[in-house]
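Shown next, in structure tokens, is the structure this report addresses.
The values are calculated or read from the model by the stated rules, or taken from the named source; none is laboratory data. Owing to the predicted nature of the structure, the values given are computational and were not obtained by experimental measurement. Cβ placement follows ideal geometry from the backbone for every residue including glycine, while neighbour counts extend to all protein chains displayed.
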Amino acid sequence: MLLPGPMMKNRVISLLLLAPGFALAQTPAPAAYPYVIKGKLGKLSAPAKVYLINGVQATDSATLKRGRFELKGTTPFPLSATLVLERQGRLQSGWRDMMFGGKMSRAYVESPDRLRLFLEPGPVVVTSPDSLRTARVAGGALTADYQRLDEILLPVAAKFKTATSKAQYEGIDKEYVQAQLAFVRAHPTSWVSLEVLGQARQMGPPQYAEVAPLYAALTPAQRTSPLAGNTGSCWRASKPRPSERRPPPSPSSRPAASRCRWPTTRASTCWWTSGPPGAAPAAPKTPPF
């Protein structure tokens with residue numbers, strides 16, 4: 001999987017900026033959430049290693065011993081991450097200079113044997129006879145929510161591979177966002193939904209009036225988390241204001257929303273891969289529009 005392509009320059013992988021605003025401060029969220037990932041991948045041993053990647057940053061690793069591994073740590077809030085298996089031990093994921101549309105561009109290349117999962121309080125168990133691409137994942141309520149989200153979004157994301165025009169691509173974007181928001185409405189207090197709301201702003205975007213009630217349904221711990229504080233602040237900056245006659249803004253006086261940065265959504269990466277998360281990527285290709 002390659003990030004970003006020439007059509008995705010405005011969808012840069014980044015950490016959410018911590019900002020005040022839309023989140024309603026009530027009960028403070030815990031300072032950290034523990035997670036445990038336990039796995040059994042056949043009979044692999046050293047030098048084989050697994051890496052835990054948050055965004056584009058490797059945050060933990062473990063060497064396999066007769067197929068078994070365990071990763072423990074904490075996060076500021078429950079979130080999704082990528083688990084990567086490297087049979088030779090060296091992490092392949094990283095930034096590369098590659099040719100896109102006749103021009104050299106910096107792209108993030110992901111290792112092919114990988115798996116997306118959701119870090120949550122309580123153990124997440126990963127099992128496979130040979131690789132992460134064929135692994136089964138079991139966990140708690142958030143793992144179940146994340147798997148349900150995949151079931152909803154993957155059929156829509158698959159349509160990006162057959163888009164042949166900008167209009168088609170934008171139409172699929174909108175369909176993807178609506179599928180995300182439908183999931184949030186069905187799971188209003190899930191940490192998975194909070195992450196989805198942060199992603200949805202990058203595609204579309206949906207209207208402020210459509211999203212604001214979904215934030216109101218979050219739990220106090222979610223509303224006071226760094227993710228909700230920043231994401232809500234960016235949504236708030238996009239709230240429609242009474243129309244006024246004003247001169248065009250200068251580059252230095254852009255509204256706050258233009259300075260907000262969002263994590264890369266799954267849909268924005270689908271153009272560059274031939275399969276769902278965890279599948280080996282196809283050769284990159286430039287969208288024909």
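Within segment 170-222, being among the basic types (Lys, Arg) and at pLDDT below 85 holds for one residue alone: Arg201.
When restricted to residues that are surrounded by fewer than 16 Cβ atoms within 10 Å (Cβ to Cβ), touching a residue at least 24 places away in the same chain (Cβ under 8 Å) and not acidic (Asp, Glu), segment 57-72 contains 4.
Scanning segment 123-140 for residues that are surrounded by 15 or more Cβ atoms within 10 Å (Cβ to Cβ) and in contact (Cβ under 8 Å) with a residue 40 or more places away in the chain yields Pro123, Val124, Val125, Val126, Thr127, Ser128, Ser131, Leu132, Arg133, Ala135. Just one residue in the set Leu132, Leu117, Leu149 is in a helix (DSSP H, G or I), aliphatic (A, V, I, L, M) and modelled with pLDDT of 95 or more; that residue is Leu149. Among the residues of segment 88-110, the ones that are surrounded by 11 or more Cβ atoms within 10 Å (Cβ to Cβ), under 12 Å from Tyr51 (Cβ atoms) and out of contact with any strand residue (DSSP E or B) (no Cβ under 7 Å at 6 or more places or on another chain) come to 1 in all. Taking residues in segment 152-167 that are free of Cβ contacts under 8 Å to residues at least 24 places away in the same chain, and partners anywhere that are part of a helix (DSSP H, G or I) and buried (at least 16 other Cβ atoms within 10 Å of the Cβ), the pairs with Cβ atoms closer than 7 Å and at least 6 places apart or on different chains are Lys159/Ile172.
For the criterion of being closer than 30 Å to Tyr169 by Cα, at pLDDT below 95, surrounded by fewer than 19 Cβ atoms within 10 Å (Cβ to Cβ) and in contact with an Asp or Glu (Cβ under 6 Å, 6 or more places away or on another chain), Met1 fails.
Return the only residue of Asp113, Asp150 being surrounded by fewer than 21 Cβ atoms within 10 Å (Cβ to Cβ) and among the acidic types (Asp, Glu).
Numbers: Asp113 fails: surrounded by fewer than 21 Cβ atoms within 10 Å (Cβ to Cβ).
Of Asp113, Asp150, the one residue that is surrounded by fewer than 21 Cβ atoms within 10 Å (Cβ to Cβ) and among the acidic types (Asp, Glu) is Asp150.
Checking each residue in segment 102-114 for being of a type in the set (S, T, N, Q) and either modelled with pLDDT under 90 or over 23 Å from Gly73 (Cβ atoms) (or both) picks out only Ser105.
Among the residues of segment 173-191, some residue qualifies, meaning at least one is within 19 Å of Pro78 (Cα to Cα), in contact with a strand residue (DSSP E or B) (Cβ under 9 Å, 6 or more places away or on another chain) and in contact (Cβ under 8 Å) with a residue 12 or more places away in the chain.
Name every residue in segment 153-169 that is crowded, with 17+ Cβ neighbours inside 10 Å and either modelled with pLDDT of 95 or more or of a type outside the set (Phe, Trp, Tyr) (or both), in order of residue number. Don't jump to the end; show me each part of the working.
Here is the first cut: in segment 153-169, the ones crowded, with 17+ Cβ neighbours inside 10 Å are 153, 156-157, 160, 163, 169.
Across segment 153-169, the qualifying residues are Leu153, Val156, Ala157, Ala163.
Of all residues in segment 135-146, those satisfying the criterion of being closer than 19 Å to Thr74 by Cβ and either acidic (Asp, Glu) or part of a loop (DSSP other than H, G, I, E, B) (or both) are Gly139, Gly140. Taking segment 41-98 as the region of interest, the strands (runs of 3 or more DSSP E) fully inside it that hold 3 or more residues being modelled with pLDDT of 95 or more and either over 26 Å from Glu195 (Cα atoms) or among the acidic types (Asp, Glu) (or both) are 57-63, 68-75.
Looking at segment 153-175, is at least one residue under 23 Å from Ala216 (Cα atoms), in contact with a helix residue (DSSP H, G or I) (Cβ under 9 Å, 6 or more places away or on another chain) and not acidic (Asp, Glu)? Within segment 153-175, none of the residues are under 23 Å from Ala216 (Cα atoms), in contact with a helix residue (DSSP H, G or I) (Cβ under 9 Å, 6 or more places away or on another chain) and not acidic (Asp, Glu).
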